[in-house]
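Visitor: Please see the structure below; I have some questions.
A short reminder: the numbers here are calculations on the coordinates, not readings from a lab. Predicted model, so just to flag it, every value in this text is computed and none were measured. All Cβ positions, even for glycine, are placed from backbone atoms using ideal geometry, and neighbour counts span all protein chains on display.
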Amino acid sequence: MKIPYAWLFLSNPPEKYKLPRHVDYRTLNIYPTNKSLVGLNSLIEEVSIRRDVMIDLYSVNNFSVPQFTTYIDFKTSTNESISKFVRDLLDLSHYKQSQFRSSSEAFNYYKETLSEIGVLVFQAGDLELDVMRGISLYFSIFPIIIVNRKDEYNARIFSLFHEFVHILTRTPGVCDNFAFINQDQPSVEVKCNKIAAEILVPSSDILNYCDSYQSTEWSDNRISKIAHIFSVSREVIIGRLFELGKIDFYFYQNKLHQFNEEYMQIKRIKKRKGFLPPSLDICSQVGKLYARTVVNAYNQELITPRDASNFLSGLRIQHFEKVEKWCFS
């Protein structure tokens, strides 16, 4: 969906989308990148159009448009109070987290839970991670979070909650993914990382797994097991252990470097080259709430086949049955 077909018949060119004030970018690096800005701007424009589509289709169906006015004061609230608020809002418990069979299942659950409170969650399919790892755009109606599909599920989960904190607190910024210490990173970003980590791995829950272990007794295997229980990365776990005084700074820094090297090596070997069927490819990018809204409007003949195809990034009508099955699976 680059240029809507109907725009060809307009008497005047449509106004360009302006970047919202409250926008946050996440990349693999600490600082913004100048690479592929055209692709990044196209992505923001595309998801903004999807949001407009959602509002229009809700209006046509006489659905009540969800208002997202929840706000938390970033300066006066503690990390723990924000974390508790989010966990209560999403009805997230340690038991529920421990029941996820995989990180992909956890990610899909979090995506759908956020959509239920009116947040549109999309995935970027083509941008590299050093260009964009996550973006949030605040609106009072259908705020938007975008994560990068090329990232690992654990990292997408962390980005998802980091960006949700930005939406709740109306704070923009550019950040790296797992920084828990002020080392040139903007303090807002470090705090958002700490809040996201507290949401996913509450202090009271991880302390139950700590016992009296010292830094030298935290093996990679033990760290990985705890990370699996919470469906987060090992970087998040060692960040929490460091904050809680269970490991020292030297151990934290060494493990952070080790895990990053291992991650980059795996990425070089893996280089995902798998093929996604067209329906699954689009569904993965737009999410169930958006896809379901478009398909329902199409089935009720509220929009034309051409419109439905345009709204789903040019997906052909022949794939719609598979999209519908996915939406209600």
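Visitor: Going by how many other Cβ atoms sit within 10 Å of their own, how do TYR138, TYR109 line up, fewest first?
Guide: TYR109, TYR138
Visitor: Provide the packing ranking of 72-82, 228-238, 51-61, i.e. peptides ordered by the mean count of other C-beta atoms within 10 Å per residue, highest first.
Guide: Answer by packing, highest mean first, reads 228-238, 51-61, 72-82.
Visitor: If you take the beta carbon distance between THR70 and ASN296 as r and set R0 to 22 Å, what does 1/(1 + (r/R0)^6) give as a FRET efficiency, to the nearest 0.05?
Guide: Plugging the Cβ-Cβ distance into 1/(1 + (r/R0)^6) gives 0.25.
Visitor: Quick check: residue separation of ASP88 and SER204 times 0.36 nm, minus the Cα distance between them. What number comes out in nm?
Guide: Gain on stretching ASP88 to SER204: 40.2 nm.
Visitor: Once both labels are modelled 7 Å past Cα along the beta-carbon direction, what's the SER42-SER187 spacing in nm?
Guide: Taking the two extended label points, one gets 4.0 nm.
Visitor: Tell me, what HN-Hα J-couplings in whole Hz come from the Karplus equation 6.51 cos²θ - 1.76 cosθ + 1.60 at θ = phi - 60° for each residue of segment 112-121, using x for Gly and Pro?
Guide: 5, 5, 5, 5, 5, 9, x, 9, 7, 10
Visitor: Could you sort out which of LYS191/LYS267; LYS225/LYS325; LYS150/LYS194; LYS111/LYS325; LYS96/LYS267 sit more than 26 Å apart by Cα distance in this structure?
Guide: Where the Cα-Cα span goes over 26 Å, the pairs concerned are LYS191/LYS267; LYS225/LYS325; LYS96/LYS267.
Visitor: With the contact rule set at Cα under 8 Å and sequence spacing of 6 or more, what percent relative contact order holds for segment 201-273?
Guide: In percent, rounded to a whole number, it is 28.
Visitor: Each label point is 7 Å from the Cα along the Cα-to-Cβ direction; what then is the distance between the points at GLU262 and LEU280, in nm?
Guide: Going from the GLU262 label point to the LEU280 one covers 2.8 nm.
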